[in-house]
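*Asks:* I'd like to ask some things about the structure below.
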Amino acid sequence: MPSNTRPTQGHFVAPLEETPLVAIDSVKTDGKPSNLWIDAWHDVRKRPMFWISSALILLVVIVALFPGLFTQVAPNDGCLLANSNGAPVAGHPLGFNKQGCDIYSRIIHGTSTSLSVGIIVTVLVAALGIVFGAFAGFYGGWIDSVLSRVGDIFFSIPYILAAVVIMSVFSRYRSVLIISLAIGLFAWPSTARVLRAEILRVKNSDFVMAATALGVSRFRILLRHVLPNSIAPVIVVTTISLAAAIVAEATLSFLGVGLPSTVMSWGNDISQAQSDLRTAPQVLIYPSIALSVTVLSFIMLGEVVRDALDPKARAQR
C-alpha cells in the first residue's frame, strides 16, 4: 500500500424517513405576493385609531363639500344684534356670536375654507419637497450642494413669520390662494430633507444597480424605481403638514393678518371671539373644538400611517 494513500472512511447517511424536511427547509409558493404597502394596509386596518381618524376626516370633507346637508341657515344672513351672544334656541343649537350670527352655521361653512388652505399648502409643500429632495439625494454632487443650501435658507426662516410678512405686504389681496402660497412657499424644506435622506438609502440598493447595468437612464431610474420606494416617509410628513397648515391659517387669521373678516374661517371666528371669552365663552370654544378635532384627526392618521410603514415599529407591537 503506497504511503501517500489515505484509508477510506465510510460516510453514514440517515434514511429520508428519519430526517423529513421541516418547515424551515420548504419554500411557500402558494401564498399571495406581499410588499410594504400591503403589509401596511394589513396593519392599519387592525388599529381602531385608523378608523376613528378616517371617519372624522371623512366627516370634515363631507361638511366642507356639502355644507347644505348640515345646516339651512346662511352664516351671514339674519344676523340680529338682538341675538348678540345669545344662548342656543330651536334651529340654532350653538347659540349666536357677538354680531348675532348663528355659530353652528359659521362653523359648518368655515370648514371648506380651512380645509382648502390645508390641501393647497400640502400640495405645494409636497411638490416642492419632492422635486428638491429627489434631485438632491439622487444626483448628488454640485446639484445636491446647491439644492441643499437653498433648502437650508428657507428652513432657517420660520414659515409663520414669513407668512406674516407676506400677508402684511399683500394685505389688499388677501385670499385663500395668497395665504396658502405664503405658508407653502416656506414650509417645504422639512419634506425635502426627509425625502433626500430616504433616497440616499434607496439609491444604493441592488435593484438600482441592476437597472443601471441594463442601461436605463438615471432620470428613468429615479422616477420608476427610486422615488416609488422612497415616498413612504413623505406621505407621513404631508399628512401631518396638512394639519399644520390648518393651524397656520387659523394663527394668521387670529393675528389679524390672515383672511379678511368677510371670509368664513375658524381662525376669524376665534379672533373675533377672544374679547368675549369671559362673558360668552361658547363663541370661542365651539370653533376651537372644530379646529382641534380636525387637526387631531390628521395627526392621528399620520401617526398610524407612520407606524404602519415602519417595519421595526410593527415588529415591536
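*Asks:* Could you run through segment 45-84 and say how many residues are touching a Ser or Thr at 6+ places or on another chain (Cβ under 9 Å), more than 19 Å from G110 (Cα to Cα), touching a residue at least 12 places away in the same chain (Cβ under 8 Å) and surrounded by fewer than 18 Cβ atoms within 10 Å (Cβ to Cβ)?
*Replies:* 2
*Asks:* Here's a check for you: in segment 169-193, which residue that is charged (D, E, K, R) and not in a loop (DSSP other than H, G, I, E, B) is nearest to the chain's Cα centre (by Cα)?
*Replies:* Across segment 169-193, the extreme among qualifying residues is R193.
*Asks:* Six or more apart or on different chains, Cβ under 7 Å: which pairs go from a residue in segment 234-259 that's farther than 25 Å from S168 by Cβ to one that's charged (D, E, K, R)? Could you list them?
*Replies:* Going by the 7 Å Cβ cut-off, the qualifying pairs are V236/R306.
*Asks:* Right, something else. For segment 218-233, give me each residue that is open to solvent by 50 Å² or more (accessible area, probe 1.4 Å) and either in contact with a Gly (Cβ under 8 Å, 6 or more places away or on another chain) or touching a residue at least 24 places away in the same chain (Cβ under 8 Å) (or both).
*Replies:* Those that are open to solvent by 50 Å² or more (accessible area, probe 1.4 Å) and either in contact with a Gly (Cβ under 8 Å, 6 or more places away or on another chain) or touching a residue at least 24 places away in the same chain (Cβ under 8 Å) (or both): R218, N229.
*Asks:* If you go through segment 101-114 one residue at a time, do you hit one that is open to solvent by 50 Å² or more (accessible area, probe 1.4 Å), under 28 Å from L296 (Cα atoms) and either over 23 Å from the mean Cα position of the chain (by Cα) or not hydrophobic (A, V, I, L, M, F, W, C) (or both)?
*Replies:* Looking for residues that are open to solvent by 50 Å² or more (accessible area, probe 1.4 Å), under 28 Å from L296 (Cα atoms) and either over 23 Å from the mean Cα position of the chain (by Cα) or not hydrophobic (A, V, I, L, M, F, W, C) (or both), one finds at least one in segment 101-114, hence yes.
The values are calculated or read from the model by the stated rules, or taken from the named source; none is laboratory data. Bear in mind that the values here come from a model prediction, so they are computed numbers and not experimental data. Cβ: placed from backbone, ideal geometry, glycine included. Neighbour counts: every protein chain shown. Quick note on the areas: whole protein, heavy atoms, side chains included, nothing else; ligands and nucleic acids left out. Shrake-Rupley method; radii C 1.70, N 1.55, O 1.52, S 1.80 Å.
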